Amino acid sequence: MKAYLLFQNRDFDLNDNLAVNDQTLIKDLELNTLFEAMALGDEFLHEVARKVILSGHQNDVATILYRQNILKDCLKNPSIVRKIYAISCEAIDSKKRGWFGIFMRYPSSILHSSIDSLLILLDLLDKLKANANDHSDKFNSEGFTTLFELLKYELNDNYFIKIQDYLQDLKFRDGILFSTELGMGNKGTSYMLCKQLQNRKSWKQRIPSIIENYFPFIGDSAQNWIQKIFDPANNKYTFYIHPRDNSGLKILSDLKDEGINSVANALAQSSNHIINFFTMLRTELAFYVGCLNLNEQLANLGESISFPNPVASQQKRHSFKGLYDICLALTLKQKIVGNDVQADDKNLVIITGANQGGKSTLLRSLGLSQMMMQCGMFVPADSFSANICDLLFTHFRKEEDSTMNSGKLDEELSRMSDIIDKITSKSMILFNESFSATNEREGSEIANQIVSALIEKHIKVFFVTHLYAFAHGFYNKKLENSLFLLAERQSDTKRTFRVIEGEPLQTSFGDDLYRKIFNDN
């Protein structure tokens with residue numbers, strides 16, 4: 001059985017390749033805040049959230065929509081989903097409790113452990129099936145519908161009856177019957193476990209009726225003679241081992257293990273097969289449980305979510321309403337100002353304007369929403385539509401580092417060189433105050449050359465900058481595929497933390513902050 005709750009035709013692999021720049025993305029976009037909100041202290045949920053989100057760049061539009069539909073079912077039925085997840089967790093815990101360590105190398109130990117494990121797992125499968133029977137009509141997604149239909153078909157009543165009967169037989173309460181052959185050195189070979197016949201008369205019990213039916217004409221003495229010949233007691237050999245004969249007991253135990261070895265291994269494989277199903281079910285549901293945890297926290301903050309509209313990478317779409325920085329909302333525990341932007345058919349978006357006006361916050365929200373969309377999650381916005389990208393890169397200004405062996409500009413160019421080695425025409429890159437470690441003229445020229453090369457290769461670029469010459473130079477080119485945004489500043493110098501379309505300004509209004517700080521003091 002398969003879960004198939006993250007992919008339509010394969011299991012999710014926790015060892016899937018993550019983004020090549022995963023550690024940079026985690027730091028620049030503050031992704032750990034998102035992971036922790038999804039995990040709520042559960043290490044397994046944290047790990048699954050990290051792996052699913054950071055491997056989202058590999059998903060196509062069909063996979064994203066497939067997961068969205070499953071997540072919509074989860075949001076409608078959170079208690080049922082959590083109950084199914086709890087059943088899968090209980091199955092994994094049962095395996096840990098049933099581990100016998102070094103004794104598991106003996107077939108008899110493997111057999112008894114596997115029987116105990118299967119009895120527990122059968123009970124959990126029955127609970128899983130009960131949930132499928134009781135609640136399948138509440139789920140509409142292909143993933144859950146397929147899973148519930150599979151459970152109903154595979155785990156029918158006849159299945160449970162047969163398995164229970166088999167497990168009772170394998171307890172061998174009436175002893176073990178197996179056949180073998182003598183091989184080289186009179187050693188046993190070709191051991192085969194035999195099923196004991198039940199409710200069938202023995203030869204001894206059947207002899208009188210045979211004589212009566214087939215030999216009615218012979219006398220009593222002849223009948224007694226024939227009965228002695230066919231008496232099975234004359235064809236059986238029985239030996240007894242002294243209670244203190246340790247060697248004999250060891251030999252008998254070895255014979256028993258040889259006889260049950262194949263069935264013990266088969267039963268262990270069956271147990272592992274069911275455990276593997278529960279393991280994958282738990283892993284894939286963990287992602288959706290993390291989404292439920294996140295949604296509940298956002299709902300408590302009064303923040304909105306929506307399911308994005310992903311499109312193919314070649315369409316170059318990016319538009320949204322009410323987009324906010326989800327990690328900032330989770331950190332501050334309050335509602336965050338959202339932004340509306342229409343950037344469809346744009347390869348270049350340059351964001352300038354007032355200091356502390358929300359430019360970097362918007363940039364992070366763009367990166368976070370892109371990653372959330374591509375892994376199949378909802379996004380922090382009233383509406384959101386964007387093309388998928390095969391890789392997302394960030395090039396953010398770093399704080400001063402006393403351990404650096406070269407200057408900040410050299411470090412920025414070195415990081416840019418690493419990005420260029422990996423970036424593709426279907427990628428997206430976010431720049432935050434890049435190349436500002438030098439003078440205005442030199443920084444603008446570097447930024448101009450790099451951005452020109454990127455958009456020539458149809459790479460989508462979002463650039464937050466205070467480099468006026470760079471920003472205004474592109475504005476004057478009047479490129480159809482470019483958009484210019486300003487961090488809004490009101491006439492009384494207050495920041496609204498919204499962005500609006502507008503021509504780049506030559507000032508960032510740093511004097512507003514100066515007056516605010518020193519006037520307040």
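Please treat every number below as a calculation from the coordinates, not as lab data. Predicted, not measured: the structure shown is a model, and the values here were computed from it. Don't worry about glycine lacking a Cβ; one is built from the backbone with ideal geometry, like all the others, and counts go over all protein chains shown.
When region 438-469 is filtered for residues that are in contact (Cβ under 8 Å) with a residue 40 or more places away in the chain, farther than 18 Å from residue 387 by Cα and assigned to a helix (DSSP H, G or I), the ones remaining, listed by number, are 451, 468. Exactly one residue out of 468, 475 is surrounded by fewer than 21 Cβ atoms within 10 Å (Cβ to Cβ) and within 23 Å of residue 342 (Cβ to Cβ): that is 475.
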